[in-house]
Structure formats: C-alpha cells, structure tokens
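Everything below concerns the one structure shown next.
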Amino acid sequence: MAFINFIKPKNKLEEGGRTAAPVQQDAGEPEKKCPNCRKDIPLSRLWANNLVCSCGYHFRMKARQRIQMIVEKDSFQELYADVKAGNPLNFPGYQEKAETVRQISGEEEAVICGTAQIGKEKCCLFVMESYFMMGSMGSAVGEKITRLFEHATKHRLPVIGFTVSGGARMQEGLLSLMQMAKTSAAVKRHSDAGLLYIAVLTDPTTGGVTASFAMEADIILAEPGATVGFAGARVIEQTTRKPLPAGFQTSEFVLDHGFIDRIVIRSEQKKMLAELLEMHRGGNA
Amino acid sequence: MSVAPYERVKLARDNSRPTGLDYIKNIFQGFIEFHGDRCYADDHAIVGGIAKLNGQPVTVIAIEKGHTAKERTYRNFGAPNPEGYRKALRLMKQADKFGRPIICFIDTSGAYCGIGAEERGQGQAIAENLMEMSTLCVPVISILIGEGGSGGALALAVADRVWMLQNSVYSVISPEGCASILWKDAAQAETAAASLKLTAEDAKSLGVIERILSEKDMGKKEFYERIRTLLTEELQELSDDVDLISKRYDRFRRIGEGAAKEQV
C-alpha cells in the first residue's frame, strides 16, 4: 500500500520547517557538502553550474530556477497561478501546514504551469516543486495540470513537464487519488490530437505521479541519479523482507528496464528539448 | 450508518466476505476465464474473461484475494503485479473491439510492493490503464467489493459508474500507512481512517461514486440477484448513450475542481 512515498525531505524547507539556510562556514564563502563526492562546494559555483556538482551529482532545484534555466528569456507566461488547494476533507493540520509551506516556499502550490518558448518553439510547460510538500498531488495540482493539457490541446501546442513528487497528497484523500485519472484522461485527449508530450523525471518521481502523467509521455527523459519508482523503497523492503538491488529505483535502473528513453544531464536539457520540439513542429496536423 | 470508519476498514478486509470470483460465479452465466498479459506472465491476483449477464456477452475482470490460506497465497493476497494490470487492459481492449460492456470487481489493499513489480513497471502499467480506460467505447461499471487500495484499485475504476458495497472502503492510502507517515504512529490508524473519508458514504458525498450497494443477505442468492438486476438496468441505460466517452471524461474532470480554489 505504498502509494505515498517515504522519501525523507533533504532539508527542513522541504518538510515545511524553518531552517533553509545552508551550513555557514566561519569565514569565507558559504559552502554545501555534496552527498556523492563529500566535497564542500562554494555556493556561488554550485549556482553558476545549475546546482550540479563537478562530480556530476544533481542537487534538487527550485521550480522557478528550473524554468529560468530551460526557457528563452522573458518568454514564460504563467497560467492558473491563483489555483490552490483548500482543505476539502477538513483534514487535521493540513490547512496550517499548507500555509506554512506557502510562506516559506513563496509558492501557492506544488506545480507551476504556463506557456514558454524553448529554442524557436512555443510550448506549454509545467514544473513541479519539491519545496512544496514534496510535490505531492492534490486537487489543485491535478486541476492545474489538467487545465494545461486542455489548453495545449485547444491551441495545438506540445507539453513539456518536469515531474517531482512524493505521490498523492494524502490530506486530500480520495480527491487526490482521482487526480490521477483526471490528468491521465487529459493527457490522452492531447495525445489523441496528435500532439507531443515530453516528461522529464527529476528527483524524486514516485507514487501516484509515476502511476499517471509521468509515465504517459511520448518521450520520457530523466535526470541522472533521480529516484524513479512507484512504491516506496522502505515499504518494498518491509513487504518482501529482501535486500533491494544496488541502484534500485534510480533513473539508470528504469532506463535499464526499458521504462524511459534517455537520461539527460542538466546542462544539456534545454538543447535536447529544443531539438525534440523542433523535430515535432506542429504535431501531426 | 453508525459504524466507525476504522471498523469499516476491518469489515472490508474480513476474510469471510465474498471475493471477486464469488461475484463472477453467482451473477453471470458461463464464465470463460482468459489468462495472461501476452508480455510476461499470468497474474493470479486478477481474474478475467467473458461471460453472459442475463444473456448478454460481457467482459468481467476481478481482483481476487482467495478464501483459504492456500488460495490467498496463490492470489498474492489480491495484490496485483504489473502483468495483472496489463492482462486487464488487454481484456478491456478486446471487449472494446467486440462491443462488449466491461464489469470490474475491485478488492485490493493496493498494487503489489515488490522488487519485480518495480522492475516491470508497476507505475507505468497503472498509468497506461488510466489513460486507455478513459477512451474505451464500451460501457464500464466498476464495483468495489472490499478494499479499494489507491492506484492499484483505481487502475480498474476509470469507469462510467463506480459503485461500492456498503462496507467496502476506497482510499488513497491505508489508514495505518497514513498514520505512520503523518504522526509516526500506526496506532493512530483510527484517527487516520476517520480523516481520510474512505467509507462508501464519504465517497458518494465527494462525488467519487454513484451508488452504495446494500449488504443485506450478502453471499446469498438474493444478494447476487439484486446486483445482477442493477447491472442489467444500468448497462441498458449506458448502452443507449452516444456520448459515453465525453461523459466519462467529465465524470473525472469535475472531481476536485471545487476543492482547488481560485483566489478572488
């Protein structure tokens, strides 16, 4: 029953806590430790390199920073920015948690949608936000993504989507589960209209998002080393009482098993997306 | 009506409830089971095939938990692997081709959480069912008969009508899982069960299901006859509908629309 993932937030901000600041050194520039090569990297160098360590480790990235990295300057026009979740089930603590996360993250919801230009091509773009309740999908996320696919179908535009999600937002119960069916139906309409959808899976893409629009794209790309799977690793271990194979549920693992098309490092993503869009110009119309 | 939500969860999981195959045997005539997903294996947690409903050929698919310990092991306790969902989709597309209505019986704690299941694309298999079911040209009715465990249940429930047995439950996560994530305490499952709004009455008031089926005389002839009559009547109505696919789209499209508020 591991529909919602058990992925631990990497810092307090993702959890909705208050300490987002990186570890400060006594003197000199602030640094961040790379969990892969264990080296301390000056923050300025990390930011200049789109949060990729020189060893190749991809740190998580805020959605707005990602948009800036991917689209042509000033071409992003946000849509549905005012759609956000209420507390439809009056779930204990949900309202407070969402408000805290809103204040800290500066985002209203766990996905940002809009239109943009990448290379020479116009497209619809959604980017999920790990810093908002680990990109969990509730009614608002489902509604925004559905509207974006409907908009893209109407205006005959391709869709590019960066996924990051711990799964369904359990505080919205069945309503969040139904978003899987709702978004999938919108993806299907867009697909049946002969239009292109490219998904880029980033760390982590799990649960109900994997089991819906993340896996429904014509072309599925992923960032290196991202966790990609359905059930939570801990739950699988508890259920099977077997040790998990090395590299289980990573981008490389799902590539090996035939479920994604390519792994693309961050610095090459824009070029790759621009090329793919250009080769599918105008859909099949 | 006054049964507490967590008691409902226990009732839904009760071993003595009729399972998918009991419904198939007692509601339909001449069931012929079809096996395999044509890719990898035959998943014993999902049973499917063709049968007649009051003389009309239909495709029937059921998640089966089994009754005895031996059966339950054989059925993997009703937790399907990806090949189960792929078999179900294969049979649904077959039904679509031959114009047969589809009836699904759902009873699972969730899609299986296993290493092989991940290796063979559990998420992808469920995603494909959600997508493909949304545009099937034939009527689809799904009935939750016990546990409706998250994506593993929804993968057979993108239907024109979704019904629930009075004491079945439908939830995005088990109450125990929810309690352990949110409050680090599985003992809070009762609170979680109440908060998740997972009973048939909750699902109906949220607009997620159309009908609650009474459990009066459950397992007896009258019980199955009642369901047979309801299915026959409903299929009659759905078969006359020329707008099936767009109505199915709208059925899911409106869920959560109101919960996602727009600021003024």
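The values are calculated or read from the model by the stated rules, or taken from the named source; none is laboratory data. If you're wondering where the values come from, they're calculated on a predicted model, not measured in any experiment. As a convention, Cβ positions derive from the backbone with ideal geometry for all residues, glycine included, and neighbour counts pool all protein chains shown. Protein only, heavy atoms only, side chains kept; ligands, DNA and RNA dropped before computing areas. Shrake-Rupley method; radii C 1.70, N 1.55, O 1.52, S 1.80 Å.
In region B:1-144, the alpha-carbon atoms span a convex hull of 132 Å³ per residue. Of all the options A:Pro30, A:Pro243, A:Pro158, the one that moves most in a Gaussian network model of chain A with Cα springs shorter than 10 angstrom is A:Pro243. Relative contact order of region B:1-145: 23 percent, from C-alpha pairs under 8 Å at least 6 residues apart in sequence. Applying a 4.7 Å cutoff between beta carbons, the unpaired cysteines of chain A are A:Cys113, A:Cys123, A:Cys124.
Taking A:Val209, A:Val187, A:Val235 as the candidate residues, the one with maximal mean-square fluctuation in a Gaussian network model of chain A, Cα springs under 10 Å, is A:Val235. The per residue volume of the convex hull around the alpha-carbon atoms of chain A is 140 Å³. Counting only DSSP beta bridges whose two residues both lie in the protein assembly as shown, roughly 45 percent are antiparallel.
The Cβ shell under 15 Å around A:Cys37 holds other residues with a net charge of +3, Lys and Arg each +1, Asp and Glu each -1. Here region B:1-44 is scanned for amide nitrogen atoms under 20 Å from the site 7 Å beyond the Cα of B:Lys220 along Cα-to-Cβ, giving B:1, B:16-19, B:22-28.
Among B:Asp42, B:Asp107, B:Asp243, the order of accessible area from largest down is B:Asp243, B:Asp42, B:Asp107, computed with a 1.4 Å probe on protein heavy atoms.
Peptide B:199-205 is shielded by partner chain Cβ atoms: per residue, an average of 1 of them sit within 10 Å of its Cβ. Computed per residue of chain B from DSSP H runs no shorter than four, each worth -39500 (n - 2.57), the mean residue ellipticity at 222 nm is -12000 deg cm²/dmol.
With an 8 Å Cα cut-off and a minimum separation of 6 or more residues, compute the relative contact order for chain B in percent.
Normalised by residue count, the contact order of chain B is 18 percent.
Neighbours of A:Ala199 by Cβ distance under 12 Å: Lys/Arg scored +1, Asp/Glu scored -1, total -3.
Rounded to the nearest 20, the Cβ-based charge dipole of chain B about its Cα centre (Lys and Arg +1, Asp and Glu -1) stands at 300 debye.
With the highest mean first, a sort of the peptides B:72-80, B:9-17, B:153-161 on other beta-carbon atoms found within 10 angstrom per residue produces B:153-161, B:72-80, B:9-17.
Cross-linked pairs A:Lys62/A:Lys270; B:Lys93/B:Lys204; B:Lys65/B:Lys97: Cα-Cα separations exceed 21 Å for B:Lys93/B:Lys204; B:Lys65/B:Lys97. When the Cα gyration tensor is reduced to axis lengths a ≥ b ≥ c, the ratio a/c stays below 1.5 for chain B, which is therefore classed as rounded. Partners of A:Lys84 within straight-line reach, counting aspartates and glutamates whose Cα lies under 12 Å from its Cα and excluding those fewer than 8 residues away in the same chain: A:Glu99, A:Glu107, A:Glu108, A:Glu109, A:Glu143, B:Glu257, B:Glu262.
Charge tally for B:Tyr249 (other residues, Cβ to Cβ under 12 Å; Lys, Arg +1; Asp, Glu -1): +3. Working from Cα pairs under 8 Å separated by at least six residues, relative contact order for chain A is 18 percent.
The helix-based estimate of mean residue ellipticity at 222 nm for chain A, built from -39,500 (n - 2.57) per DSSP H run of four or more residues and divided by its residue count, is -10000 deg cm²/dmol to the nearest 500. DSSP beta bridges confined to region A:60-279 are antiparallel in about 40 percent of cases. Shielding of peptide B:188-198 by partners, expressed as the average count of other chain Cβ atoms within 10 Å per residue Cβ, is 3. For the set A:Lys97/B:Lys184; A:Lys73/A:Lys120; A:Lys32/B:Lys184; B:Lys25/B:Lys52; A:Lys122/A:Lys188, the pairs lying more than 19 angstrom apart at their alpha carbons are A:Lys32/B:Lys184; A:Lys122/A:Lys188. Along each principal axis, taking the top coordinate minus the bottom one, the Cα set of region B:97-217 gives 50, 42, 26 Å in descending order.
Scalar couplings 3J(HN,Hα) for region A:178-183, obtained by applying the Karplus form with A = 6.51, B = -1.76, C = 1.60 to θ = phi - 60°, are 5, 5, 4, 6, 5, 5 Hz; x denotes Gly and Pro. By the Kirkwood approach, averaging reciprocal distances over each pair of separate Cα atoms, the protein assembly as shown gets a hydrodynamic radius of 23.8 Å.
Please identify, among A:Gly138, A:Gly56, A:Gly258, the residue showing maximal mean-square fluctuation in a Gaussian network model of chain A using a 10 angstrom Cα cutoff. The residue that fluctuates most here is A:Gly258.
Using Cβ point charges alone (K and R +1, D and E -1), the dipole size of chain A about the Cα centre works out to roughly 200 debye. For the peptides B:30-38, B:140-148, B:174-182, the ranking by mean Cβ contacts within 10 Å, running from highest to lowest, is B:140-148, B:174-182, B:30-38. Look at the stretch A:237-247: the mean tally of other chain Cβ atoms within 10 Å of its residues' Cβ atoms is 2.
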